[in-house]
Structure formats: C-alpha cells, structure tokens
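See structure below.
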Amino acid sequence: MPGSELATKLIGAHGERGAAWVAAFPETLRRICERWVLRPGDRYAYVGYAWVARVTLADGSPAVLKLAPPSDETACEIQALRLYDGRGAVRLLDADPAVAALLLERLEPGTPLATLDDDALATRIAAGVMRETWRPLPPGHGFPTLERRGAALGRFRAARGHDTTPFPPGLFAAAEATYARLCASAAPPVLLHGDLHHWNILSAERQPWLAIDPKGLAGEPAFEAGALLRNRIGPLAAARQRAEARATILAAELGLDRGRILDWAFAQAVLSVTWSLEDEGTLDPHAREVLALAAALLDS
C-alpha cells in the first residue's frame, strides 16, 4: 500500500477515485515495475500527493518512480518535463500518462534549496533555475492559464458570498481584485514551472541545482516568484521584509518589475490559502503563516 498518510490525503483530495487508486496501487506498482524492469527501493519520506520512491533500472543505474492518481495536473507535469528535456530540471526518463507513472532521473545528493541558510544566495540560485526553465509555449499546448489557475478564488466567493472567514476583512476582496488586474495586464505567457519554491529545487551532479515537480503553467514570468516568496517564511515578524528582499533580488536578476512580483506574491498567497481550505477544510500551520504573510503584504 502507498502508506496511510498518503492514502488519507489522496482520498480526501480525490474522493472515490482516490480510494480506487489506493486499492489498485499494489497491482499498478507491480505492472509498472515489470514493464520498465525496475527494482523498487525506499520510498521518500515526504508525503505530498504522490508516491515517490527510489528504484534501480535493469542496468543497475539509479532512478526515481513517481505514481499518482491520473489527473490533468500530472499530464501537465509530464508535458513540462518533456519540454525541459533536462535543462534546469530533473530529466524524465519515461512516462505513462494513462496511469500517471513517471520514471525520473535520480538527483544526488538531492539536498533541497531550503537547507541553505543564506537566503539571498538561495534566491539568486532560484532565479537562475527560473531563467533556465522558462520556455516558449508550444502550439496547441494544454497548460492551464493564470485565469484558470486562479479559479479557486471565484469558487470560494461563490460558496461563501460575503463571509470570507478566515480571511481578515477586506483581504480576500483585495486579493481577488489584484489577481484580476494582474491577469488583465500580464506580459506574453511562457511555460512556467508553476510551483518553484525551496523544496522543489534540489542539488544535483549534472547541474548544481535542478527543479522537480513542475505544475506546468502558461503565464507571465513575474507570476513564478509567488511560490518562492510564500515558502520558507521563517519568523513571521520579519516575513514581509524577507519577501520584499527576495523580490528585490529576483527583479534585479531577471529584469522584472519588483512591485509586480510583490503584487503576484500577495494574490497567490491568498489563492494558496484558498486551495488549503478546499483540500483540507481547515488551515495547517504553514497555511496560517501564508495567510499572515498575505496580510503583511497588503499592509506594505
């Protein structure tokens, strides 16, 4: 089985479809390992919304196997990794979109960027990864747009009306307006990673740092900074200053407008909290930190 914590999260997120995937997991794993001639190893400790484990290929070389319930998100991840072709990101060795199976290059030592104590250095490294992974969008691509990415804001408003608890008064409306304004004035879209934060950038041998777990998103480059600004927040008393310092570095490194980066960071922070409410029905400690950061950015 995929593990009780992962099973609970997948069933909570996908309902009956998630429960069916959990029940079928042993057979899915067996068939994929047989097809790709893999020897399974240890599962990674982190529990997101996918089963991820070390595997060994038939020739003895290391790799990583990632399995999840089939979804549009996984299909976009596969498409993005194919377009990256290893440049700035982990290399996709093989994939089966029908069962949402990804065979990936194993990054060693695989230390997350989050382990760096020097926040300014980490931000410059992240800027370099952003620069490498941004791509022209191919004709007829299926990547979601910024408007589609922000649809949870409209769903929340439709469900709650004037009651936007747990957001402080005026915060949700301000984020909705900011998100709409930024979409309406966005620069021409490129392929974005879509979730490029400190835990999705790992140390590697082929290149010093490579991205993992792309969402695949069609949007303007300034949008990409949002995930980096709302993660690894640290003490909340300095959260706004830390976000502003990161925005200053990203603007200088990437030639972007600092104010626009901060506006996207604010709107996305509220969107992230909205996703947490949709998925979990409540806010975990990180979501509460992000909510506090959004309030601080609104006051800046």
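Bear in mind that the values in this text are calculations on the coordinates, not laboratory data. Since the model is a prediction, treat every value here as computed from it, not as a measurement. When we count neighbours, we look across all protein chains shown, and the Cβ atoms used for this are built from the backbone with ideal geometry, even at glycine.
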Output for the range 5-109: chymotrypsin sites (Phe, Trp or Tyr not before Pro) sitting in coil per DSSP, at most 16 other Cβ within 10 Å, listed by number, reads TYR44, TYR46
Just report the Cα centroid separation between the range 108-180 and the range 211-258, whole Å.
9 Å
What does the convex hull of the Cα atoms of the range 8-47 come to per residue, in Å³, rounded to a whole number?
80 Å³
Alpha-carbon centroid distance for the pair the range 60-94 / the range 272-300, whole angstrom
29 Å
Using the Kirkwood formula on the Cα atoms of the range 135-289, what hydrodynamic radius do you get, in angstrom to one decimal?
16.5 Å
Compute the acute angle (0 to 90°) between the alpha-carbon long axis of helix 258-280 and the principal axis of greatest extent of the alpha-carbon atoms of the chain; round to the nearest 10°.
60 degrees
Relative contact order, percent, of the chain when contacts are C-alpha pairs under 8 Å separated by at least 6 residues?
16 percent
Estimated [θ] at 222 nm from DSSP helical runs (n ≥ 4, -39500 (n - 2.57)) normalised by residues in the chain, nearest 500
-15500 deg cm²/dmol
